[in-house]
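Enquirer: Sharing a structure below in structure tokens format, with a few things to ask.
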Amino acid sequence: MFRYVHLAILGIAATMLLGCGGGSERPSATIQGVVTLEGKPLDQGSVHFTSPKTGESAYANLTGEGKYLVTFPYADIGQAYQVSIGKTVVDETDAHALAANPPAPMTVKIPAKYSERTTSGLSVTIETGGETQYDIAL
């Protein structure tokens, strides 16, 4: 009897260590695309994605061609991420570098409704891990 109890405990421990799903429920994913304003690439600003399921968010600053690339180490598959477009995000961790090279002021006026994820009307669903293309026309 004692031997069977040990075997049962070992079996349960092995199951817990190996997991029972066989795959990650939250694989990594990348969203990339181009943001345009009135048909022209938006060359300033940032795009933000927020999961309504977990509240996790990620952002990327736009390149001069309006392109962005956001990587999620753990994506919420099948969930519609809420999207907002805002000012360029400045990393303020190095005050000396920031003082020596201050960010250029925004010269583009992004319509106010896009600055909040709840009012932008923009969303994208990540269907699978890997890459998702999402172009945004404002």
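Enquirer: Using Cβ contacts closer than 10 Å as the measure, can you line up V35, V89 from fewest to most?
Expert: So the ranking, lowest neighbour count to highest, is V89, V35.
Enquirer: A follow-up question, please. Using each residue's phi in region 50-66, evaluate 6.51 cos²θ - 1.76 cosθ + 1.60 at θ = phi - 60° and report the 3J(HN,Hα) Karplus result to the nearest Hz, with x for Gly and Pro.
Expert: 10, 7, x, 6, 10, x, 5, 9, 8, 9, 8, 6, 7, 7, x, 9, x
Enquirer: Residue by residue, what Karplus-based ³J(HN,Hα) values in Hz, rounded to whole numbers, does region 83-89 have, using 6.51, -1.76 and 1.60 with θ = phi - 60° and x for Gly and Pro?
Expert: Values, residue by residue: 10, 9, 10, x, 5, 4, 8 Hz.
Enquirer: Taking the Cβ of R26 as the centre, find all other residues whose Cβ is under 11 Å away and add up their charges (Lys, Arg: +1; Asp, Glu: -1).
Expert: Net charge around R26: -2.
Enquirer: Using amide H atoms built in the peptide plane, which far-off residues or other-chain residues are under 5 Å from L37 H to H?
Expert: L42, L138
Enquirer: Here is a follow-up. Once phi is turned into θ = phi - 60°, what whole-Hz ³J(HN,Hα) does the Karplus curve with 6.51, -1.76 and 1.60 give for every residue of region 119-127, x standing for Gly and Pro?
Expert: Each residue's phi maps through the Karplus curve to give 10, 5, x, 9, 7, 9, 9, 8, 7 Hz.
Enquirer: Next question. For region 23-137, give the share of DSSP beta bridges that are antiparallel, in percent and rounded to the nearest 5; count only bridges with both residues there.
Expert: Antiparallel: roughly 80 percent of the beta bridges in region 23-137.
Enquirer: Here's another thing I want to ask about it. What are the residues whose amide H is under 5 Å from the amide H of Q79, where those residues sit 5 or more places off or on another chain and H is modelled from the backbone?
Expert: I126
Enquirer: Next question. If amide H atoms are built 1.01 Å from N in the plane of the peptide, which residues on other chains or at least 5 residues away come under 5 Å of the amide H of A60?
Expert: V47
Enquirer: Right, here's the next one. Once the other residues with Cβ under 12 Å from the Cβ of M106 are scored (Lys, Arg +1; Asp, Glu -1), what is the net sum?
Expert: +1
Enquirer: Give me the number: length gained by fully extending Y74 to A112, i.e. 0.36 nm times residue separation minus the C-alpha to C-alpha distance, one decimal in nm.
Expert: Extra length available between Y74 and A112 comes to 10.7 nm.
Enquirer: Roughly how many debye, to the nearest 20, is the charge dipole of region 23-137 about its Cα centre, given +1 on each Lys and Arg Cβ, -1 on each Asp and Glu Cβ, and no other charges?
Expert: With Lys and Arg at +1 and Asp and Glu at -1, about 300 debye.
Enquirer: Turning to a different aspect of this structure: Counting Lys and Arg as +1 and Asp and Glu as -1, each charge on the Cβ, what is the dipole of region 21-70 about the Cα centre in debye, to the nearest 20?
Expert: Computed charge dipole of region 21-70: roughly 100 debye.
Throughout, read-outs are computed from the coordinates displayed, never taken from laboratory work. Just so it is clear, the model here is predicted, and its values are computed rather than measured. Positions of Cβ are generated from backbone atoms using ideal geometry, with glycine treated the same way; all protein chains shown enter the neighbour counts.
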